[in-house]
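Engineer: This is the structure, below, for whatever I ask next.
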Amino acid sequence: MDKLRVLHIVEGTSVDGPGLRTSIYLAGCSHHCPGCHNPESWSMSGGEQRTLDELMEVIAYNEAPVTFSGGDPLAQPVELEKLTSRIKRELGYNIWCYTGYTWEAIERNPSLMAVMRNIDVLVDSPFILDQRNTKLRFRGSNNQRLIDVKETIAHGTLTLWHD
Ligand code: SF4
């Protein structure tokens, strides 16, 4: 049975994207950014395993858009692709995803791009302590970008998200 390692789930949060959202924090991150707010999230054996059915139940119950954060959600790309496909197919909800990878690195990796086909907005790039900016919306350092993934894939040009 397909499972994801989940650190925690926050239902009805407004800090990880627009509106009230269900935020799912996934375990594992290989980026190890100096100044990371959550180094406990780095272990690939952290959190607990949750089946995709269990996660779908929580997401559907909240009737809200979804954000994946962590850790780096793209540390579990195969299962994340399956879950995000189900969210789109069965619920049609908007999906945001945070990652320490740059969009340019994701584009070169087919398994990460498979996840991107289900993502609406990607907050990309590692956190850089020297570029930390507490005034930014939905991100922590100036190098990080809010990418409109659908537009970027459709037009082949990196397109930033605006609300
Ligand atoms: S990508 Fe995010 S979770 Fe991973 S080390 Fe960097 S700030 Fe921490």
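Engineer: Given a 1.4 angstrom probe, I'd like the percentage of the accessible area of the range 3-155 that is carbon and sulfur, rounded to a whole number. Mind dumping the intermediate values first?
Structural biologist: Working: 3570 of 7240 Å².
About 49 percent, which is the carbon plus sulfur part of the accessible surface.
Engineer: Checking a compactness column here: for the range 38-78, what do you get for Rg(Cα) / (2.2 N^0.38 Å), N being the number of residues?
Structural biologist: Details: Rg = 11.7 Å, N = 41, 2.2 N^0.38 = 9.0 Å.
My calculation over the Cα atoms of the range 38-78 gives 1.30.
Engineer: Averaged per residue, what accessible area in Å² does the range 16-156 show with a 1.4 Å probe, protein chains only? Write down the numbers at each step before the final one.
Structural biologist: Values: 6600 Å² over 141 residues.
It amounts to 47 Å² per residue over the range 16-156.
Engineer: Need one number: % antiparallel among DSSP beta bridges in the chain, to the nearest 5. Spell out each step's value before the answer.
Structural biologist: On the way: 16 of 27 bridges.
Once the DSSP bridges in the chain are tallied, antiparallel ones form about 60 percent.
Engineer: Pull up all non-local amide H partners of R117: gap of 5 or more, or a different chain, and H-to-H distance under 5 Å with H placed in the peptide plane.
Structural biologist: Those lying under 5 Å, H to H, from R117: there are none.
Engineer: Something else: Which value, to two decimals, describes the C-alpha radius of gyration of the range 1-113 once divided by 2.2 N^0.38 Å? Write down the numbers at each step before the final one.
Structural biologist: Working: Rg = 13.4 Å, N = 113, 2.2 N^0.38 = 13.3 Å.
So the Cα radius of gyration is 1.01 times the expected 2.2 N^0.38 Å.
Engineer: Moving on to the next point. Counting only pairs 8 or more residues apart or on different chains, how many lysine pairs in the range 3-155 have their Cα atoms under 20 Å apart?
Structural biologist: Lysine pairs meeting both conditions in the range 3-155 amount to 4.
Engineer: Length gain on complete extension for the stretch M1 to L158, per 0.36 nm per residue less the alpha carbon to alpha carbon distance? Don't jump to the answer; show the numbers that get you there.
Structural biologist: Values: separation 157, 0.36 × 157 = 56.52 nm, distance 3.58 nm.
That pair, M1 and L158, stretches by 52.9 nm at full extension.
Engineer: At q = 0.12, 0.21 Å⁻¹, what log₁₀ I(q)/I(0) does the range 64-163 have when each alpha carbon counts as one equal point scatterer in the Debye sum?
Structural biologist: Debye output, listed in q order: -0.36, -1.12.
The values are calculated or read from the model by the stated rules, or taken from the named source; none is laboratory data. Keep in mind that this is a model prediction, so the values were computed, not measured. What goes into the accessible areas is simple: the full protein's heavy atoms, side chains included, and nothing from ligands, DNA or RNA. Shrake-Rupley method; radii C 1.70, N 1.55, O 1.52, S 1.80 Å.
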